[in-house]
Amino acid sequence: MRKLVALAAVLALPSAALADSGAVDWQQKVVKCTGTGAVNVRDADGNVAVARIGAEKAAKLDALRNCLETIKGIQLESGKSAGSAMQSDSAMRAKVEGVIKKFTVAKPRYYGDSSVEVDVTVPLEGALSEVLMPKGEGATTPASAPAGDAPGTSLVVDARGQKVTPALAPRVFDESGNEVYGPGTLSEAGRKAGGAAAYAKDLDGAKKTAADRLRDKPLVVRAVKVSGSDVVISSADAKSLAGKGWPFLAEAKVVILAD
């Protein structure tokens with residue numbers, strides 16, 4: 001009970017400036033955060049080991065808060081952040097808090113000023129992605145087309161040279177404004193993939209950080225326009241994708257190249 005009260009108290013604290021305490025690595029698909037605690041030997045009756053355990057717990061709770069604040073800043077789709085979604089959906093917020101309590105903690109670092117830091121990593125893939133991924137409408141295809149007839153094993157949209165805002169659920173449109181790909185396209189497995197698309201600076205980088213999405217025969221198309229996190233491809237390129245129900249789209253085998 002005391003742990004739950006302490007956790008609730010930390011989450012209720014005012015948000016601090018987190019520029020150096022949390023960030024999203026879109027290429028690695030993880031949220032990375034740092035928490036800080038103080039070693040107070042006096043309160044531990046002179047026992048250094050007990051004081052360090054207390055400092056580590058404080059650092060982990062601080063990291064939890066920082067991760068929550070960092071996740072709030074994630075763009076789910078153009079014009080909508082995770083923070084705004086959680087503000088209007090208390091159940092979503094509770095689920096996110098439950099996910100990040102299971103974060104991976106690195107070895108603590110102790111400093112001469114009696115402070116301790118811990119780095120934590122929360123993967124976007126899996127439970128967090130499933131909770132935050134918008135349901136999406138408009139691109140859902142009821143039946144899957146035969147994989148052997150697909151134009152490729154993945155979709156790569158080259159949006160380099162344009163300002164792309166990374167998001168959990170970017171959408172692909174044709175030049176007429178029809179949605180070709182989005183969260184509504186995804187299967188249950190695709191919703192857990194850590195985002196509807198992976199991000200990379202170039203194909204070589206994608207082969208290193210998103211090989212599972214790129215696969216062996218990517219279909220590479222050029223973005224003719226970018227709007228926030230959404231990309232527009234030519235109607236000719238969209239023709240081979242729209243309404244086909246390709247399995248690689250349902251599985252989120254999509255990569256966006258961005259500077």
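The values are calculated or read from the model by the stated rules, or taken from the named source; none is laboratory data. Just so it is clear, the structure is predicted and the values come from calculations on it, not from any experiment. FYI the Cβ positions are ideal-geometry reconstructions off the backbone, even for glycines, and counts take in every protein chain you see. The area values use the complete protein model at the heavy-atom level, side chains included, leaving out ligands, DNA and RNA. Shrake-Rupley method; radii C 1.70, N 1.55, O 1.52, S 1.80 Å.
Taking the options Thr104, Thr36, name whichever one is of a type in the set (Ser, Thr, Tyr) and at pLDDT below 90.
Exactly one residue qualifies, and that residue is Thr104.
Got a number for residues in segment 161-177 being without any contact (Cβ under 8 Å) to a residue 60 or more places away in the chain and either at positive phi or not in a loop (DSSP other than H, G, I, E, B) (or both)?
The total comes to 1.
Among what's in segment 114-171 and is among the polar types (S, T, N, Q), in contact with a Lys or Arg (Cβ under 6 Å, 6 or more places away or on another chain) and farther than 30 Å from Leu61 by Cβ, pick the residue that is modelled with the lowest pLDDT.
Ranking the qualifying residues of segment 114-171, first place goes to Thr153.
Here is a list: Gly35, Gly83, Gly22. Which entry is out of contact with any His (no Cβ under 9 Å at 6 or more places or on another chain) and over 21 Å from Met133 (Cα atoms)?
Answer to the check: Gly35.
For Thr70, are the conditions met, namely being within 19 Å of Ser21 (Cβ to Cβ), among the hydroxyl-bearing types (Ser, Thr, Tyr) and in contact with an Asp or Glu (Cβ under 6 Å, 6 or more places away or on another chain)?
The answer is no for Thr70.
Counting only residues that are touching a Gly at 6+ places or on another chain (Cβ under 8 Å) and closer than 22 Å to Leu76 by Cα, how many does segment 199-241 have?
Number satisfying all stated conditions: 1.
Please determine, by comparing only the residues of segment 217-233 that are of a type outside the set (A, V, I, L, M) and in a strand (DSSP E or B), which one is least open to solvent (accessible area, probe 1.4 Å).
Asp230
Inside segment 149-160, can you point out the residues that are open to solvent by 10 Å² or more (accessible area, probe 1.4 Å), part of a loop (DSSP other than H, G, I, E, B) and in contact with a strand residue (DSSP E or B) (Cβ under 6 Å, 6 or more places away or on another chain)?
Within segment 149-160, Pro151, Arg160 qualify.
Among the residues of segment 81-98, write down those that are among the hydrophobic types (A, V, I, L, M, F, W, C), surrounded by fewer than 17 Cβ atoms within 10 Å (Cβ to Cβ) and within 18 Å of Gly126 (Cβ to Cβ).
If the condition is that a residue be among the hydrophobic types (A, V, I, L, M, F, W, C), surrounded by fewer than 17 Cβ atoms within 10 Å (Cβ to Cβ) and within 18 Å of Gly126 (Cβ to Cβ), then Met92, Ala94 are the ones that fit.
So for segment 247-257 (the condition being more than 30 Å from Val99 (Cβ to Cβ), assigned to a strand (DSSP E or B) and at pLDDT 95 or above), does at least one residue qualify?
No, there is no match, as no residue in segment 247-257 is more than 30 Å from Val99 (Cβ to Cβ), assigned to a strand (DSSP E or B) and at pLDDT 95 or above.
Would you pick out the residues in segment 64-116 that are in contact (Cβ under 8 Å) with a residue 40 or more places away in the chain and assigned to a loop (DSSP other than H, G, I, E, B)?
Gly73, Ile74, Ser78, Gly79, Lys101, Phe103, Pro108, Ser114
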